[in-house]
Structures are given as C-alpha cells and as structure tokens.
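Asks: Have a look at this one before I ask anything.
The values are calculated or read from the model by the stated rules, or taken from the named source; none is laboratory data. Bear in mind the structure is a predicted one, so any value in this text is a computation, not a measurement. Ideal geometry is used to build each Cβ from the backbone, glycine not excepted, and the neighbour counts take in all protein chains shown.
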Amino acid sequence: MYSTAHPRDYPACSGCSLCRLVCPMWRHRRDPRFSPEGIAKARQNGAGVTELADVLDACTLCGACDPVCPEDIALSDMIMDLRGELELPPDLAVLQVGYAQAAAQAAPAPAGALLLAGAALRADPTLLTQVEALLGLRSAGDDGADLAVALEIGGDIDPQRKRRFLNAIDGRSLVVGDGLLLRELRRWLPGARLQGLGEALGSLPAIRRRIASTDFYVIEARAFHADHARLVAHYDGLRKDRGCAMNLDLQRIAMPARASAYPALRMGPAREDLEQARWLLQGRRPARIVIEDAAERDVLRRVADVPVLHLAELAALNEVTVYA
C-alpha cells in the first residue's frame, strides 16, 4: 500500500449513497456494486479483492466521491489501495518501466519554479511549449510520470525512487499537470507551493479574458476534488467573471469528460470514454469547449462538432474573434 493511512476507512460507511450520486461508474452501469458505497459495503461483508476486481478497475479515480462523503472516508485511497492487490495489467507494467527509465536518464531539474507536465501534456510538444511560455516555467525532465502510473494502478513505489524525485523538487514552486500526482504531492510535500495546471493557466489574465460566456469549460476533476474546498472559490469566481458553463453538478462536483485514464486497465472498452463525453455534453449547445486536461481534449474532439481548445491555446486567439 502506497498511500498515507487514514483514520476513516470502509467500516465507517453508513450507506448514505451520496458518493453514488456523483460516481461516473454508477451512472454508466446503474449497478450499486459499481460505486464507492458498493465497494465499502462489500468489504464490510467480507468481500475480497478478487471478487471486486471488475469494480475496482472500473473506477475513474476522478475523486468526486471524496468531498461528498459525510463520514470523511478516503474513498479514492480505499480503491487505490485495493487495486494494488490485483495483478498488474501487462501494458501498464511496460508503460511504467518506460517512464521510470526515462526519469533515470533525465537531466537534473533546472533552477527555480518548475512545471511537472505529465504524460498527457508531454505527448503534445507544441502545446507543452505554449504552456511553458505562458507560465514562464521550465519543465522538469523527471515529472514523476512513473509514479503517476503507480498511483493509478495501486502499484508499489520504490522508496528510493520516491526520495530522489522529491529531493529534486522540494522547496520549489510547482505547477503539476497530472491531477493524481498533484494530490499525492500535497501529502508528500506538506506546505509546498503547488498548483494544478488548470488553476495556474486559468489565473492568467491573457487566458482568463478570452474565456467567453458561450464556452463550456471542463475542469480537470482529479486536481479539483483533491483541493475542493479551496478550488470551489477559484472556479466560482471564474464562472461569475466570464459567464461560462462548467462541468459542475448541483453540489459543485466536477463530472469528468473521460471514463478511464489508461485503456490497459480492465475498465471496459474505449467507447465508455465517448459515452461519458456525450453524456457531459447532453443538452448543451456551447460555441466552444475549453479544457484543462490535454487527454480530455482528444476525447471531446471525437464527439463534439464545435472547437475544443486547451486553455493554453486560448492565449493565441484574437480576442475580437472570441466574442464575435
């Protein structure tokens, strides 16, 4: 188990079902087993990890369940820890090794504040260059991508590898592209100056003023829910300032645009990502979709007939065009 122990775990689940209401895997399947509540209740009744394998792999780890739990159970941690007892999918094992090898060969981190870009942003070098220029930051060669995969799958993290990574970034101001890694860094580096990529870019006047009232703004769910109490104010301010719609429900929980992070997990066919994106857009007629997560941009472009732009791409647009 990789995560910090929490005093509240599945025995504290009262079965209130609030986590089910915000859970994407419940919404897809309408099966009470496919929800954090279902997992907690199954564990209370003695279910083992093997019996829960399909449910554990179906979880998006969007974190929507964590801020709504009245018992303050660390539901995402519960699922991630249980995942660690499952057999690692071969494709993800290869991916993790590849990221670890790249990290070992990376040049030392440059001085000053850093961007930990993450795999999705690094996959688009042009977008990465735009982000670096807008934030005035250099990217760390080792952005912890192998650790992010380990968190996703509940895999073991080598203590020495973790120590090397944290020693290289400790004391820096960090902007973090991977929401799951950001959540864990808040625990590993308490008191560190950390921001998610969406918050950092959305705070820049050059980007903020280009967000239009006709836009549908898609918040990256993991970073948002991991710091929900604080970030609600940030996004409320953005929504009031710009008038855009957002992927928030009535509880101000962010519904993700994707149903899965890694296709190699046993969480159903890739069509679930498309179904999730279509559900998110149901009944909406935005002129444009603005996203924080580069991976969600690719999914939304497959189902939307309007432009889908990353926040960083807004800065290059003509402001007159935005409001035309």
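Asks: Say we look at the stretch 304-321 and pick out the residues that are among the hydrophobic types (A, V, I, L, M, F, W, C) and modelled with pLDDT under 95; which of these is surrounded by the fewest Cβ atoms within 10 Å (Cβ to Cβ)?
Replies: Filtering the stretch 304-321 for residues that are among the hydrophobic types (A, V, I, L, M, F, W, C) and modelled with pLDDT under 95, the one surrounded by the fewest Cβ atoms within 10 Å (Cβ to Cβ) comes out as Val320.
Asks: I'd like the full set of residues that are outside any strand (DSSP E or B), hydrophobic (A, V, I, L, M, F, W, C) and in contact (Cβ under 8 Å) with a residue 60 or more places away in the chain, limited to the stretch 272-303.
Replies: Trp279, Leu280, Leu281, Ala287, Ala294, Ala295, Leu300
Asks: Taking the options Ala212, Ala168, name whichever one is assigned by TED's automatic domain parsing to the domain that holds Ala226 and touching a residue at least 40 places away in the same chain (Cβ under 8 Å).
Replies: Only one candidate passes the filter, namely Ala212.
Asks: Do we find that Asp143 is at pLDDT 90 or above, assigned to a loop (DSSP other than H, G, I, E, B) and out of contact with any Ser or Thr (no Cβ under 6 Å at 6 or more places or on another chain) in this structure?
Replies: yes
Asks: Quick one: in the stretch 176-228, of everything that is outside any helix (DSSP H, G or I) and of a type in the set (Gly, Ala, Ser), which residue is nearest to Gly141 (Cα to Cα)?
Replies: Gly177
Asks: Sticking with this structure for a sec: Please verify whether Glu152 is at pLDDT below 95 and outside the structural domain of Asp57 (by TED's automatic domain parsing), treating the condition exactly as stated.
Replies: It is true that Glu152 is at pLDDT below 95 and outside the structural domain of Asp57 (by TED's automatic domain parsing).
Asks: Tell me which of these His225 doesn't satisfy, since it passes every other one: (1) under 19 Å from the mean Cα position of the chain (by Cα); (2) touching a residue at least 24 places away in the same chain (Cβ under 8 Å); (3) farther than 19 Å from Leu181 by Cα.
Replies: Evaluating His225 over (1) under 19 Å from the mean Cα position of the chain (by Cα); (2) touching a residue at least 24 places away in the same chain (Cβ under 8 Å); (3) farther than 19 Å from Leu181 by Cα leaves (3) as the failure.
Asks: Here is a list: Arg258, Arg288, Arg242, Arg266. Which entry is outside the structural domain of Cys65 (by TED's automatic domain parsing), modelled with pLDDT under 95, under 26 Å from Leu127 (Cα atoms) and among the charged types (D, E, K, R)?
Replies: Step by step, each of Arg258, Arg288, Arg242, Arg266 is checked, and only Arg258 is outside the structural domain of Cys65 (by TED's automatic domain parsing), modelled with pLDDT under 95, under 26 Å from Leu127 (Cα atoms) and among the charged types (D, E, K, R).
Asks: Which of (1) under 16 Å from Leu309 (Cβ atoms); (2) in contact with a His (Cβ under 8 Å, 6 or more places away or on another chain) does Ala206 not meet, given it meets every other one?
Replies: Looking at each condition in turn, Ala206 falls short on (2).
Asks: Among all residue pairs at least 6 apart or on different chains, which show Cβ distances below 6 Å where the first residue, located in the stretch 62-77, is surrounded by 21 or more Cβ atoms within 10 Å (Cβ to Cβ) and the second is of a type in the set (Ser, Thr, Tyr) and outside any loop (DSSP other than H, G, I, E, B)?
Replies: Qualifying pairs under 6 Å: Gly63/Ser76; Asp66/Ser76.
Asks: I'd like the residue in the stretch 9-51 that is small (Gly, Ala, Ser) and surrounded by 21 or more Cβ atoms within 10 Å (Cβ to Cβ) and, out of all such residues, is nearest to Asp249 (Cα to Cα).
Replies: Ser35
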